[in-house]
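Below is one structure; the comments refer to it alone.
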Amino acid sequence: MEAKPVAMEVEGVEAAGGKPRFRMPVDSDLKATEFWLFSFARPHMASFHMAWFSFFCCFVSTFAAPPLLPLIRDTLGLTATDIGNAGIASVSGAVFARLAMGTACDLVGPRLASASLILLTTPAVYCSSIIQSPSGYLLVRFFTGISLASFVSAQFWMSSMFSAPKVGLANGVAGGWGNLGGGAVQLLMPLVYEAIHKIGSTPFTAWRIAFFIPGLMQTFSAIAVLAFGQDMPGGNYGKLHKTGDMHKDSFGNVLRHALTNYRGWILALTYGYSFGVELTIDNVVHQYFYDRFDVNLQTAGLIAASFGMANIISRPGGGLLSDWLSSRYGMRGRLWGLWTVQTIGGVLCVVLGIVDFSFAASVAVMVLFSFFVQAACGLTFGIVPFVSRRSLGLISGMTGGGGNVGAVLTQYIFFHGTKYKTETGIKYMGLMIIACTLPIMLIYFPQWGGMLVGPRKGATAEEYYSREWSDHEREKGFNAASVRFAENSVREGGRSSANGGQPRHTVPVDASPAGV
């Protein structure tokens, strides 16, 4: 008979041996094995809510300008080229920032890395209210867009807090609800502008004052991350390094193991045409419907919001689908799911560019397209946590940065200047999605297999992750966390592997989500 695991039922109390206790059930690596969406149980669910909300606020700040673009355009005298350049600037700043954020998460933890970035970029949001020229508009969009690197810390945080069977869902909800800011801001900014305008402000003044709302949201979110967030289930990085419970890694080792893992590069490419496409649509969809179908500012905002607002279920749905496919088919199921969903999204994007003659058809296809392209984002980060454990942050940063690179290239090629009509650019963007999704077939994990080839005989997850550590480091036990992760990832080999061994976990005796 299998022995029952020890219960860890009391939150915030030190158990015998110095091990922390939690309200949520955890595995041998102290990662939550359940996902209680409406709980604030510390540290797992509290960190989840801090992660998605701070990223949400950064998304609101970054895309606060497009809903008011007709007003800003007239005030500053922006040309089509100015608008295109600013759109590219808004997503290009985060390319290198996401790589830096991934490294910072590996070295100092997601809490300090996230809060620091958010506070450093907040002044740019406030400065949006005082710009006087096209160059000023470009600069504030560039520096505000750097805040989107907080996505990396959010995904790293969730991968550190939740076990393999729930990591896809946790990453999907955190990323999806954060991306929701791209839709919410399409409704928020026109409403804020109208309220300020009705009070008595001129249009020239009203749109400027409106930028204080996203600025304040971003400021308070950073403070909340510092106050309520925690790096790892066992504590913050500083404490874990001091007690010896966590190895303090070097930048060189983190960088080397990330750059030499080809799987991270492929995911960066494919994410460039899921999240990168989402960023592109956020920048162009409002103006497209406003100009193409001659609707008013509020209607265009509502239509554009429907694209981003789909994130409330689409990206979490992608993460949930990834976990479900894993429970049945292992890692191979996750890979097949990503390829299928993202390819369908590409086809729908092509259709969206073709049906520009019909307002109703364009709205319907855009909504359907949003579900697939955003679900692909969730499916991507159902795979990312398994690529590397030692360089998890930088791999997340490479993938996230790939999203921004895809957005920059797509906007520059198809939506910069007047070379292509917007509807033509959308059609070509769909073809790029289909083409850039194909390399997923090349991703192969020796212990679990790939889309087209099964696992290598005798290969194990422990062997795969231990290769990131030298013999000397393994003797010192520095790879202990990687070994525990491998033990808890048994089901990634499919049903037969999962039935062969169950991951160790702890189950609370008297706690429940309702009581949190």
### Query
Given (1) assigned to a helix (DSSP H, G or I); (2) closer than 23 Å to residue 383 by Cβ, where does residue 285 come up short, assuming only one miss?
(2)
### Query
In the range 245-259, how many are open to solvent by less than 60 Å² (accessible area, probe 1.4 Å) and free of Cβ contacts under 8 Å to residues at least 60 places away in the same chain?
2
### Query
Which of the residues that make up the range 385-425 are more than 26 Å from residue 254 (Cα to Cα) and hydrophobic (A, V, I, L, M, F, W, C)?
407, 408, 409, 413, 414, 415
### Message
If I ask for residues that are in contact with an Asp or Glu (Cβ under 8 Å, 6 or more places away or on another chain) and buried (at least 23 other Cβ atoms within 10 Å of the Cβ), which ones from the range 208-237 would you list?
### Response
none
### Message
Of everything in the range 111-131, what is in a helix (DSSP H, G or I) and among the hydrophobic types (A, V, I, L, M, F, W, C)? Give them in sequence order.
### Response
112, 113, 115, 117, 118, 119, 120, 124, 125, 127, 130
### Only listed residue being buried (at least 24 other Cβ atoms within 10 Å of the Cβ) and of a type in the set (Phe, Trp, Tyr), chosen from 369, 357
369
### Task
For the range 206-257, name all the residues that are of a type in the set (A, V, I, L, M) and in a loop (DSSP other than H, G, I, E, B).
246
### Message
Six or more apart or on different chains, Cβ atoms under 8 Å: show the pairs whose first residue is in the range 44-71 and within 15 Å of residue 305 (Cα to Cα) and whose second is aromatic (Phe, Trp, Tyr) and assigned to a helix (DSSP H, G or I).
### Response
56/177; 65/137; 68/193; 68/207
### Query
So which of 434, 395 ends up being closer than 18 Å to residue 275 by Cβ and open to solvent by 10 Å² or more (accessible area, probe 1.4 Å)?
434
### Task
Report yes if some residue within the range 37-49 is at pLDDT below 85, out of contact with any Ser or Thr (no Cβ under 6 Å at 6 or more places or on another chain), farther than 23 Å from residue 218 by Cα and outside any helix (DSSP H, G or I); otherwise report no.
no
### Message
Cβ-Cβ under 6 Å, sequence separation 6+ or interchain: first residue in the range 305-319 and in the same structural domain as residue 371 (by the TED database) and under 23 Å from residue 189 (Cβ atoms), partner at pLDDT 90 or above and open to solvent by 10 Å² or more (accessible area, probe 1.4 Å). Which pairs?
### Response
306/367; 310/371; 314/371; 314/375
### Conditions (1) under 23 Å from residue 53 (Cα atoms); (2) out of contact with any Asp or Glu (no Cβ under 9 Å at 6 or more places or on another chain): number failed by residue 351
(1)
### Message
Taking the conditions exactly as written (modelled with pLDDT of 90 or more and either over 19 Å from the mean Cα position of the chain (by Cα) or assigned to a helix (DSSP H, G or I) (or both)), does residue 188 satisfy them or not?
### Response
no
### Query
Quick one: which of 280, 299 is free of Cβ contacts under 8 Å to residues at least 24 places away in the same chain, assigned to a helix (DSSP H, G or I) and either farther than 30 Å from residue 438 by Cβ or not aromatic (Phe, Trp, Tyr) (or both)?
299
### Message
Tell me whether the range 97-110 contains one or more residues that are assigned by the TED database to the domain that holds residue 234, under 30 Å from residue 302 (Cβ atoms), in a helix (DSSP H, G or I) and β-branched (Val, Ile, Thr).
### Response
no
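The values are calculated or read from the model by the stated rules, or taken from the named source; none is laboratory data. These figures come from a predicted structure and were not determined experimentally. Neighbour counts run over all protein chains shown; Cβ positions are idealised from the backbone, glycine included. All accessible areas refer to the heavy atoms of the entire protein, side chains included, with ligands and DNA or RNA removed. Shrake-Rupley method; radii C 1.70, N 1.55, O 1.52, S 1.80 Å.
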